[in-house]
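For reference, the structure discussed in these notes is given below.
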Amino acid sequence: MTVNYREAYDLFAVNGILFNHESERRGETFVTRKVTRAATRIKLGLQERLFLGNLDARRDWGHAEDYVEAMWLMLQQEAPEDLVIATGETYSVREFIEKVFAYLEMEWEPYVSIDPRYFRPTEVDVLHGDASRARQRLGWRPRVTMDEIVRRMVEHDYELARRERTLADAGYSIPQRGIASQ
């Protein structure tokens, strides 16, 4: 026997199945942020290379701002429903890298190296979401484009790198933190 806890306990519970949602606040170990941090540091001479794994992996990347709106809309409905939240568009890691370096007016190939240690043993080649039910039921559509995600992340991380450059120029040592330092 299956118990419907929503009805049994009069709960309004929903599940948002959220595909990758990026922003300038994303942790630096996530590939998008790793790329934007490294590219801006390379641009300012603070880092020489970026080491990555599978550049052909494709992801359905959206912006966290849009996904938070979708979650809020889910909570405003009369009846709870589990919905997929995604853009429906996929980009490869390589395409993301190209956009980031192009925004910085740089070629990416001289700075990006493949390191087998970053290949996942259970890699999923393509993650692509279908948010058609969320669009239909909530009227939700992502508004932040991939180019805007890149712009926001690069501008944020360029400012961080600029501050690091100022400290380095003043003679302070800049700690090489986490994966972004490789």
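Every number here is computed from the coordinates shown, using simple stated rules; none is lab data. Predicted model only: the values in this text are computed from it and were never measured. Here the Cβ positions follow ideal geometry from the backbone for every residue, glycine too, while neighbour counts run over all protein chains shown.
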Mean projection area, nm², convex hull over Cα of segment 61-157: 7.9
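If you average the sequence gap of Cα pairs under 8 Å that are 6 or more apart and divide by the length of segment 1-104, what percent do you get for the contact order?
Details: 113 pairs, mean separation 41.3, N = 104.
Averaging sequence separation for qualifying contacts and normalising by length gives 40 percent for segment 1-104.
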Nonlocal amide H pairs with GLU22, under 5 Å, H built at 1.01 Å: GLY62, HIS63, ALA64
Label selected from [x] 0.99; [y] 1.07; [z] 1.24, the criterion being Rg/Rh (Cα atoms, Kirkwood Rh) as computed here: [y]
From phi via Karplus (6.51, -1.76, 1.60), per-residue ³J(HN,Hα) for segment 51-63 in Hz, x at Gly/Pro: 9, 9, x, 6, 7, 8, 4, 10, 10, 8, 9, x, 9
On Cα atoms only, tilt of 93-103 relative to the major axis of the chain in degrees: 60
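At a threshold of 8 angstrom on Cα-Cα distance, excluding pairs fewer than six apart, so keeping six or more, what relative contact order does the chain reach in percent?
On the way: 278 pairs, mean separation 62.1, N = 182.
About 34 percent, as a whole number.
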Formal net charge of residues neighbouring GLU69 (Cβ-Cβ distance under 13 Å; K, R +1; D, E -1): +1
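If you take every DSSP beta bridge whose two residues both sit in the chain, what share of them, in percent to the nearest 5, is antiparallel? Please report the intermediate quantities before stating the final value.
Values: 2 of 12 bridges.
Bridges in the chain that DSSP calls antiparallel: roughly 15 percent.
Suppose only helical runs count, i.e. DSSP H with n ≥ 4. What mean residue ellipticity at 222 nm does that imply for the chain under -39500 (n - 2.57) per run, divided by all residues and rounded to the nearest 500 deg cm²/dmol?
-12000 deg cm²/dmol
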Helix 146-169 axis, angle to the chain major axis (alpha carbon atoms, nearest 10°): 40
Using alpha-carbon coordinates, inclination of helix 31-43 to the longest axis of the chain, degrees: 20
